[in-house]
Amino acid sequence: MPAILLNLDALRWNARQSAACARRWGACILPVMKGVLSHPLALRELAAEGFVRYAFAEYGELFSGGTPSVPLVENRVLMQICPLSRVGEVAAEFGRSTHSVPATLTALDGAAGALGRRHEVMLALDVGEFREGAPRESLPALLDHALSLPNLDVAGLFVTLGCMGWREPGEDFGATLDAVLDLFRAKGIADPEVSLGGSIVCPWLDRHGPGAVTEVRLGAHFILGEDTYHRCDLPGGPFRRDVCTLSAEVLEIHPRRFAAEDKPAFADGECQPPFRLPPPGVRLCALLDIGRAHVAPEDLVGISLPGAFPIASGTGYTVLDVTDCPCPPGVGDRLFFRPGYWSILRAFHSPLVALIPVRDDHPAEGDG
């Protein structure tokens, strides 16, 4: 069975480095719960470093362990655009949620009123990322509508960059935020909050400071320790990149003969990521017990077997070419990989991948 080794010491280190970034920028950091960080063990380490509020990328992650992973409602932020079908649950389970259309605001106001409580909302603005948020020309009407609802408190502005790959903040980004916030101030919100994500904004923050930004939403800082957009170090480090390590077992190993004309018949299909093709001749191939049901095999980086490379994957298997390895593995050996962003998310959401908590020099006793 494949397993993720969750290094709690590495996570704790990255949490401390992230807190130091927050102090340098002058803005608070809101950890983004994406499977890994909603795990009780991870939450415990973050709490020990002073983090108490968390953003959930999806509604269901709050209950991924069966019970709410963050005890206090006021410390739970729904980062996902609030689903109209779940406004009752969002009003009951979250202290703050994110909106971009009048319909969910109206429905949430009714749900909050029925519970006899108030609910904070952030209004999402699209600044060219095409991920979520109202267009800038629609924001005035959306803000007026939100302010008219008796059970909602408008906290401020929610902006995302980088996640869809369309835009990173330019030199004029701060001026854009200031112009939008003038609208909030004109409507009587004297100190609107600005929540900004993801980690692609960090170099901009290092150059310009937070300006109007009050909160930075980060996930990669904690679980990956690298700038996943530019494939480089994050500012404010050093961050550790060994929070998560994937372990897979060799199920079989056989020589396979490849001809020059051999290539995947469905090279453009979902079952074949853009793997490197083996050279012609007899190649030694190892079959691993991981596949697309567990991880995104194309983003795995081998750390225990120099010379190996993946050539194919299916639902439950990945094939490695191990011909050029100085010490080829044997059946039953476990190989170790540094998983990429999508592999980590998929593994932590999969019941088919075991979680093994570890410390730097030993298994994490008493941690599950």
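Remarks
- Local electrostatic count at Val331 - Lys and Arg +1, Asp and Glu -1, tallied over other residues with Cβ under 13 Å: -3
- Ranking of Cys232, Cys285 by neighbouring Cβ atoms within 10 Å, starting from the fewest: Cys232, Cys285.
- Among Ile29, Ile189, Ile290, the order by Cβ neighbours within 10 angstrom, fewest to most, reads Ile189, Ile29, Ile290.
- Positive minus negative residues near Leu149 (Lys, Arg vs Asp, Glu; Cβ under 13 Å): -3
- Under the convention that each Lys and Arg Cβ holds +1 and each Asp and Glu Cβ holds -1, the size of the dipole of the chain around its Cα centre is about 240 debye.
- Between Ala48 and Asp178, the modelled labels are 4.3 nm apart [label points 7 Å from Cα along Cα→Cβ].
- A cut-off of 5 Å between modelled amide H atoms, ignoring neighbours fewer than 5 places along the same chain, links Ala354 with Ala3, Ile4.
- Rounded tilt (10° steps) of 173-186 against the dominant C-alpha axis of the chain: 30 degrees
- Computed label-point distance, nm, for sites Arg136 and Arg334 using a 7 Å Cα→Cβ extension: 5.3 nm
- If you run the Gaussian network model on the chain, springs between alpha carbon atoms under 10 Å, then out of Arg86, Arg231, Arg53 the most flexible one is Arg231.
- Ranked Val154, Val331, criterion: other C-beta atoms within 10 Å, fewest first: Val331, Val154
- Distance between the pseudo-spin-label points of Met1 and Ile253 (7 Å out from Cα toward the beta carbon): 2.5 nm.
Every number in this text was worked out from the coordinates using simple rules, so none of it is lab data. Because the structure is a prediction, the values reported are computed rather than measured. Here the Cβ is made from the backbone with ideal geometry for all residues, glycine too, and neighbour counts use every protein chain on show.
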